[in-house]
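> Here it is, the structure in full.
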Amino acid sequence: MTAQELDFICAAAFDQGRLCTQMCSLELIAEIQPFRLLNISSARRKDTMRTRGSWRSRNPRLANVLAVAIAVVLVGWPAYGVLRDDFAVPVGHGNGPYYHFHGAAAWLMFAGFACLGASILVGVSLRLKANPDGKTGRHVAEIMGIVGAFVTLAMMVLKSMGLV
């Protein structure tokens, strides 16, 4: 029995929902192919599944463009509010209430959103360098994101309490 015949028999037995312990014993596989590991479950899946992974791995350019667009909005929207000295953050749905930040409070909110946007841009730059496991950049991005979220949420809580 050749290796191709054995692959076909194992795949057919797997498709019928049976375990192929009688026809595909480990000893027989070891005699025919001593260095090849036979993965029975993936024998038929390769034909039906064309893509694997998340949508980001299938469309890396689209993921990078969307991430950069989100970062630009996270920095541009507060920057416009700071320039007008009236940074409005919607609190409810639709035409609900807004929290308005002025002066130093608006600058702190801008700094928080800028940290979040910079965190996203650092992540995109690591992906473009094909170095997603770069420890220094990843840690910098995580710290900037945490600091940005903390500053933003702290300012929102202070505004809801009436202290800002």
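Bear in mind these aren't lab numbers, they're just calculated from the coordinates by the rules spelled out. Every value quoted in this text rests on a predicted model; they were computed, and no experiment measured them. Glycine gets a Cβ as well: all are built from the backbone with ideal geometry, and neighbour counts include every protein chain shown.
> May I ask you to compute the full-extension gain from Ala149 to Leu62, defined as 0.36 nm times their residue separation minus their alpha-carbon distance, rounded to one decimal in nm? Walk me through the intermediate numbers first.
Working: separation 87, 0.36 × 87 = 31.32 nm, distance 2.50 nm.
Residue separation times 0.36 nm, minus the Cα-Cα distance, leaves 28.8 nm.
> Would you mind putting 120-126, 137-143 in packing order, based on average other-beta-carbon counts within 10 Å, highest first? Walk me through the numbers before you get to the answer.
Values: 120-126: 19.0, 137-143: 14.7.
In decreasing order of mean packing, 120-126, 137-143 become 120-126, 137-143.
> In what sequence, highest mean first, do 85-97, 105-117, 144-156, 61-73 appear when ranked by Cβ atoms within 10 angstrom? Before the final figure, lay out each step's value.
Numbers: 85-97: 11.6, 105-117: 20.8, 144-156: 16.8, 61-73: 13.8.
So the order, starting with the most tightly packed, is 105-117, 144-156, 61-73, 85-97.
> Work out how much length Leu158 to Leu83 would gain on full extension: take 0.36 nm times their residue separation and subtract the Cα-Cα distance, in nm to one decimal.
The Leu158-Leu83 span can extend by a further 24.8 nm.
> Turning to a different aspect of this structure: Could you estimate the translational diffusion coefficient of the range 55-161 from the Stokes-Einstein equation, with Rh from the Kirkwood formula over C-alpha pairs, at 20 °C and 1.002 mPa s, in whole µm²/s?
Working: Rh = 14.9 Å.
Using the Kirkwood radius from Cα pairs, D works out to 144 µm²/s.
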